[in-house]
Structure formats: structure tokens, C-alpha cells
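Comments concern the structure below.
We did not get these values from a lab; they are worked out from the coordinates using the rules stated. Everything numeric here is computed off the predicted structure, so don't read it as measured data. Glycine also receives a Cβ, built like all others from the backbone with ideal geometry; neighbour counts cover every protein chain displayed.
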């Protein structure tokens, strides 16, 4: 073990450090010294200066040293160490603490997280001085930094130049899986209160950065494969947990156990999953109106209702809109599509409601696999095969007839595999029952409220055609109306205005604009768009299902002139009341439009139509129809409240 050095530090102050030192084991050369300030090397010197008072020592007095500080010592004080350079043996008197100069600090720590710490501080005794702070994390000093950043808010509050701010960014983000304590010191004086940062309990930004860095460090195929296996398994577990929460799987298990023990258990609402191409938007098409109506009735029957889109992913606004209606919107990243939803909700589902043919084709078999005890319902919207056959006949296109035959086979298979089939039109229900005798087909329209109509007088009569123009029958109807019916109509009513209102208008419809023809397009409130309209028209030459445009006219208190296709499934064309409003040819359509521009004829139809709406399209009527189809709920069912929502657009 080496012998200690012989020597002493004679002076150590804010100007210099001086003393002497000798290594008795190596007197033939001077001792090389490291001079450190707070652990930082300041200078290297040799103890070889002659001092007369040291002539009695080895090296004949040439063993003294002196170091004038190359920079001012910290105002807050510091620790000076004098060490022999080879073995770090301290000189007698080392370490030596330089006392701080007087100071009065003011300021605050404004923000501290796993990335940085920020705030401001100044010395009230010397406001021109830059205060230096030392940061300790978990008791270990990591950095010393100045508080000299400019902050406008400090200057504007009268704090001198405003250069008292600090924002120290840590060299590496703090580990989110551990607790951390951060402290700031000005020398030996603590500045501010200690800051505790708890470990992450959720996937916050710091945890994501930490995890991302970990994933990027994987460099081999095996490591990446292991990581993907872990992530896939974890994601699957999270989806299963989310699904269990949605269908109250734990509560269902407790209820079943209580039932077996003949104990009282809290009721658990049954769950229904609704699937459509996109989030239902009542201002977009009649199919959305029908779907929301059936969801509303299911809720009134006591069901917890969830929805998932199969084609167009929902937005945050869609999720918020459905949540306001009490509907759980399943969406990425938890549920990427109906298959994921069925897989993770399946055993807890009581009803799976598939809207439109493509969803029934895609998910009926998956429903049987993942939700074998659920009641499978297919809502057809309209029979595409019937619509295509009629279109083929009108447009003389035999290729559509062949396509209709293929679609009919698909429709029949979906009707056969489903527990229940919902049709809006009795004509379609009768057709399906005849072709697929084992199918359980029900006629269930949707809720159409009877609304008060705001009146606005106009100088010119206005007729309106309201439709979703992304649907081929509606585009054809618009062309027939403007190009064939309107010229005949204007012979009788020259100043008539024809207004086309609806979503998804193609270029061909916009090209119909001319004097007396207004192309309005999509509107968010149909009620306002119809307030100055005298009459609605539905000049459909082909189509299927019942027509939302007809129902919306009656709901708004307007009469409507329609073709037999538009009236199909709604009224009896042989009834004298409705026969007056149904026309097959362009000339007949024009004549009957003229008749219904007269107040007496319009009033008579609206009275009959509103009676029809109250009887067949009310909240209670739809709820009663679905109550016969949906599995019964053991708890009491409250009646559906009256619909007071705004007018929707077909």
C-alpha cells in the first residue's frame, strides 16, 4: 500500500490555492497534482516551486505549488480537491469547501417531467448575476446549468431584463417504469420543493418514447419475431378485455352463478351488435335512418347497443355523435372491423344485426362461428336483385338481368342462414317468403315522426325531389323529371321552380341545372330546405323497398306525387285517395302535379298520410314489431319516448 503524501494546503480562497507536497517514496521528481472544483478538473500543476521555509524537507524546498483560479469560483460555493495525479492520493487539507457568497433567491419551478425541468430564478441581492443551479435526480447530481434564458413574461412583470429563465433538457428521458425525485440546489441551498415523478401507470408520451426506443434497438430477425409475438398476444388480450367490458361478461357470469344457486342477482342488459358499411348518418340516406330507428327501438326494449362499420372507418366525430345517442361505436385500433368485434364480443352477444346484403354475406358465417348463441338478423334495406331487374327492363339492358340472377342467389342464401329477415316493404317480404319458404321474414319499416311544418309563402310554386343521388334509381329519376316531366309541367305552370335536394350528387345531376331548376345538393336540415316548398315529387322509374323520400315529405307536412315504384309498399294504389297521387307516364305525372299544387288536394293527402305515419311508422309501432323478433328481456321494458330530433335527409 503506498504511503500517504506529506504536505499541506496553506491557503484556499476565491483567489487561489497554495501549499506544498512531497512524495517520500519518490523524492527525485516533483508531485503532479490534479486540482478539481466540484469534481471537475480545473488545472494540472507540479509541486516544484522553491520556498525558503521548506529547505529542510526533501527536494531542498522545491516542493511548493500555487494555482490562481483561471475563472471565478461559483457564487454558491464549491468543493476544492487537490489530488496526486497517479494514484489520486489527496493532499493534507483536501477537500476544502469554499463558502457561498450572500444571496437571496426568488423564482419557481414551472414544469418538470421525464424530459426536462423549467422555471426561473434570480438573486435579489445581485439581479445582474446569473444564478447557476445543480440538478439532482434520485440523489445523484446530473448537471449544473445557468438560469439566463430570456422570458418575456418576466420582463413584462417588471423583473429587469427577464433573463432569469431556465429549461434544462435531460441527456436521456427518465425511465418511465421507475419513480423519480428531482431536486435543484444552489450550492448547498435547495431551490424549490423536491419534485416527485411517479412511474407511468398508462401509455403516456414518455412511456411511448421509451418503448419505441426499445423496439428500435431490436436488430435480429428472431428478436423482431419475438417482439411481434408478444405485441400481437398483448393486443389480442386488450381487445378481449375491451370486448368483455362491452358485453358485461363478468356480470353475466356472476348472474349465471347466482341463478344456479337460486340467489338474487343484479340484472344485466342484453347486448346487440349492429353492422353496416359506414356510421349511420340520418342526413345521408334512408338506410341510415332505418338503422338508427331500429337501434333506438332496441334500446327501448332494454338492449345495450354497439355499432361497427365494415367499410368506412368512423371518425372521432362519428364516435361522439353515436355516444350522444347511447350507442357504443367500436372503432380502430381496438376493433379494426366486424371480424374482430365478433371474435371478442361473440359469446356475450344476444343479437347480431347485419344491415345490407354485403354485410350479411361477409359476416353471417362468422357470427355463427364466434357468437353461436346470438340471434342473427339480416335487414335487407332493399332487394338489389329486384331493383336491377326493374332497371334492366326500363333501360333495356339484359346484362343487368343476368347480374340480378346472381344477386338473387346470394340474397336467398342470406335469408336462409339468418334467424330473422327484416324487409321494409311487404312486396319484398312476400317475394322472399315465396322463394325461401323457410326464411322468417318480417316487415319492419322505420320511425317517421309527424312534425309541424314551418310555412313560408313564395311568389312562385316550388316542387322538390329529395334523394340520395349516389343511388342509381334516384339519378335516373332526376333526369326523367327535368328532361321529360318538367317541360310538360311548365306548359301548365310556367313560373314553376324545380329543386333537387340530396347527398352524393354526381356530375350528371349538376348538369341538369337550368332556368327554373335549382341544384341544392346535401343539406344538414331538410326542414329548412322544404319550408318554402309546395309539393314533393318521387318520379322513380325503377327501384325496390319503401322510399324514404315519400315518408320525409309526409313527415314535413307536404303532399307528394309519385310513381307506382315510389308508392310500392306504402299505400294501396287502388285506394281512391292514393290513386290520385300515383302516375306512370310523364304526361300523367305532370297533370297530377298540377292538381296537387291546389291546396284542397294537398290538404287531403297530407291528412291521410299523417294518419298512416301515426299508425304504421310511430315509435310504439316499430318497437312492437321488433319486440316480437328480438329475444325477450327479462327486466321491464320502458316505452320509447317520442322522437323530437330534427328532420333527416333521405
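Key figures for this structure:
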item	result
Ranked packing of 314-323, 445-454, 501-510, most packed first, by mean Cβ within 10 Å	445-454, 501-510, 314-323
Crossing angle, helix 205-216 versus the chain [Cα axis fit, 0-90 degrees, rounded to tens]	80 degrees
Relative contact order of the chain, pairs being alpha-carbon contacts under 8 Å that are 6 or more residues apart, as %	9 percent
Exposure proxy ranking, count of Cβ atoms within 10 Å, fewest first, for 378, 416, 554, 132	416, 132, 554, 378
Protection-proxy order for peptides 562-571, 50-59, each taking the mean of Cβ atoms within 10 Å per residue, highest first	562-571, 50-59
Over the chain: helical MRE at 222 nm, DSSP H runs n ≥ 4 each giving -39500 (n - 2.57), nearest 500	-10000 deg cm²/dmol
Cα centroid separation, segment 104-132 to segment 372-393 (Å)	71 Å
Over segment 6-98, relative contact order from alpha-carbon pairs under 8 Å, at least 6 apart, %	31 percent
Acute angle (nearest 10 degrees) that the helix 398-417 long axis makes with the longest principal axis of the chain, alpha-carbon atoms	70 degrees
Order of 413, 511 - criterion: other Cβ atoms within 10 Å of each residue's Cβ, fewest first	511, 413
Protection proxy ranking, peptides 111-121, 215-225, average beta carbon neighbours within 10 Å, highest first	111-121, 215-225
Helix 599-616 axis, angle to the chain major axis (alpha carbon atoms, nearest 10°)	60 degrees
Cα-based shape type of segment 462-617, given that a ≥ b ≥ c are square roots of the gyration tensor eigenvalues and the cut on a/c is 1.5	rounded
Sorted by Cβ neighbour density within 10 Å, fewest at the top, the residues 21, 577, 606	577, 606, 21
Among (i) 1.62; (ii) 0.99; (iii) 0.93, the entry derived from the coordinates for Cα Rg over 2.2 N^0.38 Å	(i)
Length-normalised contact order for segment 384-443 - Cα pairs under 8 Å, 6+ apart - percent	28 percent
For segment 1-61: rounded, prolate or oblate by the Cα gyration tensor [a/c cutoff 1.5]	oblate
Global form of segment 105-197, assessed from the alpha-carbon gyration tensor, a/c cut-off 1.5	prolate
Euclidean distance between Cα centres, segment 166-223 to segment 13-85, Å	40 Å
Theoretical FRET efficiency, 1/(1+(r/R0)^6), r = Cβ-Cβ of residue 484 and residue 323, R0 45 Å, to 0.05	0.45
